[in-house]
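Here is the structure we will look at.
The values are calculated or read from the model by the stated rules, or taken from the named source; none is laboratory data. Being a predicted model, the structure only gives us computed values, none of them experimental. Please note: Cβ atoms are built from the backbone with ideal geometry, for glycine as well, and neighbour counts cover all protein chains shown. These area figures cover heavy atoms from the full protein model, side chains too; ligands, DNA and RNA do not enter into them. Shrake-Rupley method; radii C 1.70, N 1.55, O 1.52, S 1.80 Å.
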Amino acid sequence: PLQPDDDRKESLKDLYIEPFYRIYKNNTDIKKNESDEFTHDGFEFPNDSISIHSFLNDYFLKGIQHNDLKANYNMLFLLGQPGQGKTSFCYKLIYDYLNIHNGLPLVPIYFIKIRDLIAKDFIDSTFNTINKHLGQNIKFDEDDCILLLDGLDEAYMAGGLNDNDLKILYDRLNKTAQQNKKLKII
């Protein structure tokens, strides 16, 4: 239920609207004819019309090569304005993932709300801060897991992070994702 202790029993699946998605052009092998429209922001629509959740489940999480991608990637960025559904998307992804695995997935999934962390600690010592928050000792450089990081835009907009912090974070996440192909980061 969306609201605890409420007579109404709406859940996320009652209200959820599947988002449209596009892929950044540097990551795609999408071929365009001269008559095709190009997007002006550097993102391309995939050639097939599968949902973003199917795309993630079938290609990103399983590591299967997608025809429109140059390579398999194990790090994905969700971009969108505040209130456009990035957090709801994460909840739906977790819901689907647990349903597919009957609540007992072989690969653990961790959902971190960046607002629950001290932003500067998260930038300076990303994986130690996550482990401390979770009370775990996950070896992100070698363990098989899925890491969902939500609210980076909120931390940035609230003034806790700057452009250089985002670059440092990206470099750290990318380095770890390159070292450990069993780690999936969203």
Exercise for review: State to the nearest 20 debye the size of the charge dipole of the chain about its Cα centre, where the only charges are +1 on K and R beta carbons and -1 on D and E beta carbons.
Suggested key: 500 debye
Check your understanding: Which percent of the Cα-Cα distances in the chain go past 29 Å?
Key -> 27 percent
**Study point:** Selected from GLY80, GLY63, GLY151 as most flexible by GNM, with the chain as the system and alpha-carbon contacts under 10 Å
**Key:** GLY80
Study note, to complete from the structure: Long-range amide H partners of ILE109, meaning residues 5 or more apart or on another chain whose placed amide H is closer than 5 Å, are ILE146
Point to revise | Prolate/oblate/rounded label for the stretch 84-186 (Cα gyration tensor, a/c 1.5) | key: oblate
Exercise for review: Counting helices only, and only those DSSP H runs with n ≥ 4, report the 222 nm mean residue ellipticity of the chain as the sum of -39,500 (n - 2.57) divided by its residues, in deg cm²/dmol to the nearest 500.
Suggested key: -9000 deg cm²/dmol
Study note, to complete from the structure: For LEU183, other-chain or 5+-apart residues with amide H closer than 5 Å (H placed, Pro excluded) are CYS145
Check your understanding: Amide H to amide H, which residues 5 or more places from LEU69 or on other chains are under 5 Å from it, using H placed in the peptide plane?
Key -> ASP29
Practice item. Could you rank LYS184, LYS9, LYS25 by how accessible they are, 1.4 Å probe, largest area first? Key: LYS9, LYS25, LYS184
**Study point:** Antiparallel content of DSSP bridges confined to the stretch 1-150, in %, to 5
**Key:** 40 percent
Practice item. For each pair in LYS86/LYS175; LYS9/LYS120; LYS70/LYS181; LYS9/LYS132, compute the distance between the two Cα atoms and list the pairs where it is over 28 Å. Key: LYS9/LYS120; LYS9/LYS132
Check your understanding: Roughly how many percent of the accessible protein surface of the stretch 18-128 is carbon and sulfur, given a 1.4 Å probe and a whole-percent answer?
Key -> 51 percent
Review point. Build a GNM of the chain with springs between Cα atoms under 10 Å: which of SER125, SER49, SER11 gets the top mean-square fluctuation?
Key: SER11
